[in-house]
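Everything on this sheet refers to the single structure shown next.
The values are calculated or read from the model by the stated rules, or taken from the named source; none is laboratory data. Keep in mind the model is a prediction, meaning the values are calculated, not measured. Quick reminder, even Gly has a Cβ in these numbers, built from the backbone with ideal geometry, and neighbours come from all protein chains shown.
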Amino acid sequence: MPQKSGERERCVTGIEGLDTILYGGIPRANTILLTGSCGTGKTSLALEFLIHGAMKNENSLFVSVTENSEKLLTNIIPYRFFDKGLIKSGRLVFVDLPIMYERLGMTKPELSMEEIDLLVAAIGSLAKELGAKRLVVDSITSVCYKLKTSEKIRDFILNLGKVLSDQNCTSVLVGEVPATSTAYSSFGVEEALPDGIILMANMERRGDLLRTLQVIKMRGTMHSRAKYVLDLTPMGVLLVPLLKGGSTG
Amino acid sequence: MSPGEAFNAQKLASELSEMPPASAISLQMSVDNYLDVIRGMLDLYANRKEMDTIYVTATISSEAIKRVLEALDIDTSRIYFVDCISHIMMGATSAQLDEHTTLVESPTMLENLMLKVEYLIRRSESKDKLVVLDSINSLAIHNNNWILSEFLHILVSGLRSREAYTVILSVEEHSTPEINNMVNLVCDHVINAGKQGE
């Protein structure tokens, strides 16, 4: 998409509805927190963001923390546009963070400040080596469990965001929150640091459970702040506006 | 056709044929000629015009409509159903197995209905597409007029931008002035399919 002068270059997510909400895509090199409770479609959306990137010849890296990447691929929706050749060609790369921990000798339940620096450097080096223009960490919350303190979490997210941004890499950090939470993050720190927050949720309306998406903030662009309903389909994530008529919620 | 005129399938087909792409048509009918109208319309669009048809049913199950069409030798290979009623009737098992049928859990999930239509439109390789909403009266049983009106506006505007034909069915005996106004607001043409012929 051609940029108007003075406007930030966009990383077009390829998810049509989301690009419309963001007036053209995520500002390039932004770090986004994609947060929500379980079953809201965070991983599917993050993966689709990477697949579209790889299809546009942007190297894309998925750092899996909670789930083994092989298992992840078998459970994911069979996207019609997904070509396994993207993985074979190295355009789309999956890395399991537990293996990275092991290689870096990070066996203790809590990481020290030095280890955090080491981890950030390792992810940064990998992204650089691969020439990654898009990166997903799924989930940042699982990494935070190994960091324990607010200071360490802040350090990790800020440094990781800076390393990736310096490489012009647009990153999506997947966050998990309990279904009942009104906060955007589990530790209360993650939400203050990224350039953008996309909230995914389950919304109950008269006994129906709808999957919703809302962009809470996004630095460097105008964006809609309305709530949208989404569906995970073999054609990708589809979005429509949440109907408000007659709703009291 | 004017209200009160006897139903004439050929005349209905002729009126529908004249509609330009991206038209939104309000097709009003009587309970008595409901099946004849559906048959005539699907035969015209899905078969003679070779157009993929997305049929949103909230009145009777997609299985029942398919059975009727097959009994009348109407080819259903270009018809894709978004079935909003089978699941709520707890009779969805067979429909789930059919790749021509997509289920929406309840007719109250209007956003999901729009999403399924959007999905089928994207999946379709046919140049021209028709979306049939059967019927506004059935949806009005489950939804209030405010949300239904908003739904129609967003759905029809979206379909228009994709140059798809939209046909909104309404049954005269079950309609109210509010429902008629709601449909007329988003439609360019109103066709009255008349009463059952002699």
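Scanning the stretch B:67-117 for residues that are modelled with pLDDT under 90 and among the hydroxyl-bearing types (S, T, Y) returns B:T76, B:S77, B:S86, B:T93, B:S94. On inspection, B:I154 passes the criterion of being within 14 Å of another protein chain (Cβ to nearest Cβ), free of Cβ contacts under 8 Å to residues at least 60 places away in the same chain and in a helix (DSSP H, G or I). Exactly one residue out of A:L193, A:L243, A:L209 is over 17 Å from the mean Cα position of the chain (by Cα) and surrounded by 15 or more Cβ atoms within 10 Å (Cβ to Cβ): that is A:L243. For the stretch A:108-138: of the residues being at pLDDT 95 or above and assigned to a loop (DSSP other than H, G, I, E, B), which is farthest from the chain's Cα centre (by Cα)? My answer is A:G131. The helices (runs of 4 or more DSSP H) falling completely within the stretch B:39-125 that include 2 or more residues that are more than 12 Å from every other protein chain (Cβ to nearest Cβ) map to B:62-71, B:93-96. Here A:E204 clears all of (1) in contact (Cβ under 8 Å) with a residue 40 or more places away in the chain; (2) of a type outside the set (S, T, N, Q); (3) under 30 Å from A:L243 (Cβ atoms) except the condition numbered (1). The condition of being in contact with a Leu (Cβ under 8 Å, 6 or more places away or on another chain), surrounded by fewer than 22 Cβ atoms within 10 Å (Cβ to Cβ) and acidic (D, E) does not hold for A:E176. Contact annotation: residue pairs with Cβ atoms under 6 Å, 6 or more positions apart or on different chains, pairing a residue in the stretch A:86-106 that is under 17 Å from A:N59 (Cα atoms) and assigned to a helix (DSSP H, G or I) with a partner that is modelled with pLDDT of 90 or more and of a type in the set (G, A, S), are A:L86/A:A54. Restricting attention to strands (runs of 3 or more DSSP E) lying wholly within the stretch A:145-235, give those where 2 or more residues are in contact with a strand residue (DSSP E or B) (Cβ under 8 Å, 6 or more places away or on another chain), within 19 Å of A:K42 (Cβ to Cβ) and within 14 Å of another protein chain (Cβ to nearest Cβ). In the stretch A:145-235, the matching strands (runs of 3 or more DSSP E) lie at A:196-205, A:208-218, A:227-233. The listed residues are A:F82, A:F49, and the only one of them that is more than 14 Å from chain B (Cβ to nearest Cβ) and outside any helix (DSSP H, G or I) turns out to be A:F82. Can you find a residue in the stretch A:126-141 that is without any contact (Cβ under 8 Å) to a residue 40 or more places away in the chain and either closer than 26 Å to A:N59 by Cα or surrounded by 16 or more Cβ atoms within 10 Å (Cβ to Cβ) (or both)? Yes; the residues of the stretch A:126-141 include at least one that is without any contact (Cβ under 8 Å) to a residue 40 or more places away in the chain and either closer than 26 Å to A:N59 by Cα or surrounded by 16 or more Cβ atoms within 10 Å (Cβ to Cβ) (or both). I'm checking my understanding of the structure. Among residues of the stretch B:136-157 that are in contact with a helix residue (DSSP H, G or I) (Cβ under 7 Å, 6 or more places away or on another chain) and of a type outside the set (A, V, I, L, M), which one is nearest to B:R39 (Cα to Cα)? If we take residues in the stretch B:136-157 being in contact with a helix residue (DSSP H, G or I) (Cβ under 7 Å, 6 or more places away or on another chain) and of a type outside the set (A, V, I, L, M), then B:N137 is nearest to B:R39 (Cα to Cα). Total residues in the stretch A:53-77 satisfying the condition of being modelled with pLDDT of 95 or more and either under 21 Å from A:P234 (Cα atoms) or assigned to a helix (DSSP H, G or I) (or both): the figure is 6. Residues of the stretch B:31-52 include none that is under 18 Å from B:L152 (Cβ atoms) and either touching a Leu at 6+ places or on another chain (Cβ under 6 Å) or at pLDDT 85 or above (or both). Please work out if A:L239 is more than 10 Å from chain B (Cβ to nearest Cβ), in a strand (DSSP E or B) and under 28 Å from A:E9 (Cα atoms). It is false that A:L239 is more than 10 Å from chain B (Cβ to nearest Cβ), in a strand (DSSP E or B) and under 28 Å from A:E9 (Cα atoms). For residues in the stretch B:129-151 being charged (D, E, K, R) and within 16 Å of the chain's Cα centre (by Cα), which is farthest from the other protein chains (Cβ to nearest Cβ)? Ranking the candidates gives B:D134 first. Could you tell me whether A:E48 is among the acidic types (D, E) and modelled with pLDDT of 95 or more? Considered against the rule, which asks whether it is among the acidic types (D, E) and modelled with pLDDT of 95 or more, A:E48 comes out as yes.
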